[in-house]
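Since the structure comes first, as structure tokens, the remarks are kept for the end.
All of the numbers you see were taken from the coordinates with simple rules; none came from a lab. The model shown is predicted, which means the values in this text are computed figures rather than measured ones. Here the Cβ positions follow ideal geometry from the backbone for every residue, glycine too, while neighbour counts run over all protein chains shown.
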Amino acid sequence: MLGLGVILAVTLAVANRKLHVYEDPRIDQVEAMLPGANCGACGTPGCRAFAEGCVAGSIAPGKCTVNDPANNESIASLLGVDAGAGEKRVARLACAGGRHVAWTRAQYEGIRSCQGAALISGGGKGCVWGCLGLGDCQTVCEFGAITMSDAGLPVVDEALCTACNACVVACPKDLFSIHPVSHRLWVACKSLAQGDEALAECEVACTGCGRCAADAPGDLVSIENGLAVVDYSKNRLASQKVIQRCPTGAIVWIDDQRGVVKGGQAKRITRKSPLPLGKGV
Amino acid sequence: MSANSAALKTFPHGVHPRECKESTEAKATRRLPFADEMRIPLSQHLGAPAKPIVREGQEVVRGEPIAEPGGFVSVPMHAPATGVVERIALAPDHRGGMSPSIFLRLYPSASQEILYGAPQDIDGLSPKELVSAVQATGVVGLGGAAFPTHVKLAVPEGKHVDTVIANGCECEPYLTTDHRVMLEQPGHIMDGLRIVMRAVGAERAIIGVEENKLDAVEKLRESVPAGLPVTVEPLRVKYPQGAEKMLAKALLGREIPSGGLPADAGVAVFNVATLAQVGDLLPKHQGLIERVVTLTGPGLARPGNYLIALGTPLRFALEQAGFDGHVSQVILGGPMMGATAASLDLPLTKGITGIVVMRPEDVLPPKKIYPCIKCGACLEACPMRLNPSRLGVLARKGMFQEMDERFHLRDCFECGCCSYVCPANIPLVQHFRIAKAQNRKRSVK
């Protein structure tokens, strides 16, 4: 028995020497300075892979948009590289049709899940593109960045959002998308219905009237299939002037201080209570 | 149930829901009047949407093609009535989205005669030509799935289909369309069988009919023409016998492999109403423009089977059957697998077998959902021998990929037996639908 122990001990000692793999100790140091959320927003499978990339020089530390910028600076100084500019990205919702402005045509009963509701004739909301408000996005958000408002719309806390994409996948109506915070001009609607048809289902729908497109410089905003679409490759042209004449407030300006700003001519919505179950079936 | 029912064939597992067919099964099919306006969605079948071949403002005659197939797994559309194409635009569809549709305004004084089509000699066509001839009729599976029929006729190379199965089970509660078609159009069913047997190269055909329709069994037996190798087999009443995998198991003891086609088991399965349409339309070279639909449920004063033009608004159809506007739930299809409609402003499509209208007092309030007690009732019920209990637990944890990889989620065809028997009221099938939808989405991204 003792002999066997000695043999194994020697084998292990030799293997430890011969098969040793060198790993840069800085990888552990860098990883310790990352948030450890493994959210994947940087494009790597997790924080460890991101740290390896930083040490290898293939990724700039600033690409981690979730981390405190000060931490990214210290990673950069540890590695002796430039922190690089990684712009914070957040999830944005392309719908403003809460229960107080958008009609519900049929009552859904069943599992409290948007995906479940969407599979049964679309979920009963008048606007087939709109948010169902059952909070699948809130459930999948591991960072607590999404809360459901009283009107039944998800509100994203930009400070907590890591752009991890979970809500984008969870939403059965594909209303979420990930955008840099500098994308301030935002169309909060996905309805392809036009004019009165769109307004019949939701008071804040984009009617495709084209005023924003006419007011926008260059081809910043265009109307495609009855919906205003912002060309973010021309984002530097964006200004609050574009949203001023929008009659419904479907196109908004997301200000870092004042939050969501609607144009001057957008109709005022004072109703807080939900609309009744509309017109029956 | 008759004394010899124990001797009849069936499949293992399954459930016995209340049949509720009394109110419509004895009533002969009647034609519904034409609505003033109709809407023909370009995607009412599985596969690629059809492409419109008419312009806005164009006049069309009843039976004229108005859209061409968008690929091989696609079918053309035909004008359900004589009128003018008002516009081609987005409109709500039965899946709850918006899809391109052709809006048709009828000419009130038109005779609505089918002026389109020319007789063709079926016997002169090769199996390959038969496939494209069936595609030209626009016929899809009329049992509810709406899968293009001609695709089933094109048997993949290297496979041999020896038996055609005609599905006359109609195991869904409330529905009686197939029953009426078997009683009223047995000749068309035989014509259809002859065509599909030749197209797939089958040596024989079996018509499977549940024994609650013995009058149909007799009628079909009388109608089998001399020389056509067709047998009519009564089956024990059990749900979901009308699923093609269950029917192949019940009639022949053959199992269609997981992820495989019926052709892998040497069979091709067609609904009897589909066969009747193929048998009727193909020799006349016409298109599918109407179908028999069961309008039923306690919310209708005149339940029955009606021959309705495709594209007819559901509200119009239900009003004709004595619908008073007070409604709690409208189910498209049967109550086991059908989907609740969110609106009556939908057109009748090729896949709608029946419409069940419930009044508020007929619908139970939502039941309290208890945790799974692991009684195993769902395992006993599942005709695919899956483990719904375990799948349900995983679904609630959001482990959708695990459900697919280890517990064969994709073999579930959503028959609803597990939810039906669950004493804890767990909506298992809805969980599975959610899981499948999320898995589909993830595989795309």
Query raised in the report: Where the only charges are on Cβ atoms (+1 Lys, Arg; -1 Asp, Glu), what is the dipole of chain A about its Cα centre, to the nearest 20 debye?
Result: 760
Query raised in the report: Which of B:Thr177, A:Thr139, B:Thr340 comes first, and how do the rest follow, when ranked by fewest Cβ neighbours within 10 Å?
Result: A:Thr139, B:Thr340, B:Thr177
Query - For chain A, with +1 on Lys and Arg beta carbons and -1 on Asp and Glu, the positive-most of A:Thr207, A:Gly5, A:Ala166 along the dipole - result: A:Thr207
Report summary line: PRE zone check, label point 7 Å out along Cα-to-Cβ of B:Arg359, amide N under 13 Å, scope segment B:295-325, hits B:297-302, B:323-325
Report summary line: Rounded to a whole number, the mean other protein chain Cβ count within 10 angstrom for residues of A:146-154 is 0
Report summary line: Of the residues A:Cys39, A:Leu192, A:Gly259, the Cα lying farthest along the dipole of chain A towards its positive end, which is defined by charges on the beta carbon of Lys, Arg, Asp and Glu, belongs to A:Leu192
**Report entry** Calculated FRET efficiency for the pair A:Val6/A:Glu109, C-beta based, R₀ 51 Å, to 0.05
**Finding:** 0.10
Report summary line: Ranked on Cβ counts within 10 Å of their own Cβ, fewest leading, B:Val237, A:Val66, B:Val196 go B:Val237, A:Val66, B:Val196
**Report entry** Given charges at Cβ of Lys, Arg, Asp, Glu: segment A:90-179 dipole, positive-most of A:Gly124, A:Gly152, A:Ser177
**Finding:** A:Gly124
Query raised in the report: So, in nm, how far is label B:Ala437 from label B:Asp345 when the simple model puts each one 7 Å beyond its Cα toward the Cβ?
Result: 2.2
**Report entry** Given A:Lys190/A:Lys272; B:Lys51/B:Lys159; A:Lys272/B:Lys368, the pairs whose alpha carbons are separated by over 24 Å
**Finding:** B:Lys51/B:Lys159; A:Lys272/B:Lys368
Query - Alpha-carbon radius of gyration plus Dmax, which is the widest Cα pair, for chain B in Å - result: 21.6, 64
Report task. Show which lysines lie in cross-link reach of A:Lys241 when reach means a straight Cα distance below 18 angstrom and same-chain residues fewer than eight apart are skipped. Result -> A:Lys262, A:Lys267
Query raised in the report: When B:Tyr239, B:Tyr107 are ordered from fewest to most other Cβ atoms inside 10 Å of their Cβ, what list results?
Result: B:Tyr107, B:Tyr239
**Report entry** Total charge dipole magnitude, segment A:182-268, about the Cα centre, Cβ charges on Lys, Arg, Asp, Glu only, Debye to nearest 20
**Finding:** 380
Report task. Would you mind checking the radius of gyration and Dmax of segment A:182-268 based on alpha-carbon positions, in Å? Result -> 11.9, 35
Requested in this report: Determine which lysines satisfy two conditions relative to A:Lys88: a Cα distance under 16 Å, and not lying fewer than 8 residues away in the same chain.
Outcome: A:Lys63
Report summary line: Subtracting the Cα-Cα distance of A:Ala32 and A:Ala56 from 0.36 nm times their residue separation yields 7.0 nm
Requested in this report: Calculate, for B:Arg396 and B:Glu68, the FRET efficiency according to 1/(1 + (r/R0)^6) with r their C-beta to C-beta distance and R0 41 Å; round to the nearest 0.05.
Outcome: 0.35
Report summary line: Share (percent) of C-alpha pair distances in segment B:377-444 greater than 20 Å works out to 18
Report task. At a Cα cut-off below 18 Å, give the lysines reachable from B:Lys436, other chains included and same-chain residues fewer than 8 away excluded. Result -> A:Lys173, B:Lys397, B:Lys445
Report task. Taking the Cα centre of the protein assembly as shown as origin, work out the dipole magnitude from +1 charges on Lys and Arg Cβ and -1 charges on Asp and Glu Cβ, in debye rounded to 20. Result -> 1080
Report task. With a Förster radius of 25 Å, plug the Cβ-Cβ distance of B:Asp36 and B:Ala89 into 1/(1 + (r/R0)^6) and report the FRET value to the nearest 0.05. Result -> 0.90
Query raised in the report: Using 7 Å Cα-to-Cβ label points, what is the A:Thr139/B:Leu115 separation (nm, one decimal)?
Result: 5.6
Query - Fluctuation leader among B:Gly297, B:Gly392, B:Gly259 - chain B, Gaussian network, Cα springs under 10 angstrom - result: B:Gly259
Report summary line: Simple spin-label estimate for A:Ser182/B:Glu203, 7 Å along Cα→Cβ, in nm, reads 7.4
Report summary line: From the cross-link list B:Lys249/B:Lys350; B:Lys27/B:Lys213; B:Lys9/B:Lys245, the entries with a Cα-Cα span beyond 19 Å are B:Lys249/B:Lys350
Report task. Give the Rg/Rh ratio for the protein assembly as shown, taking Rg as the radius of gyration of the Cα atoms and Rh as the Kirkwood radius, to two decimals. Result -> 1.04
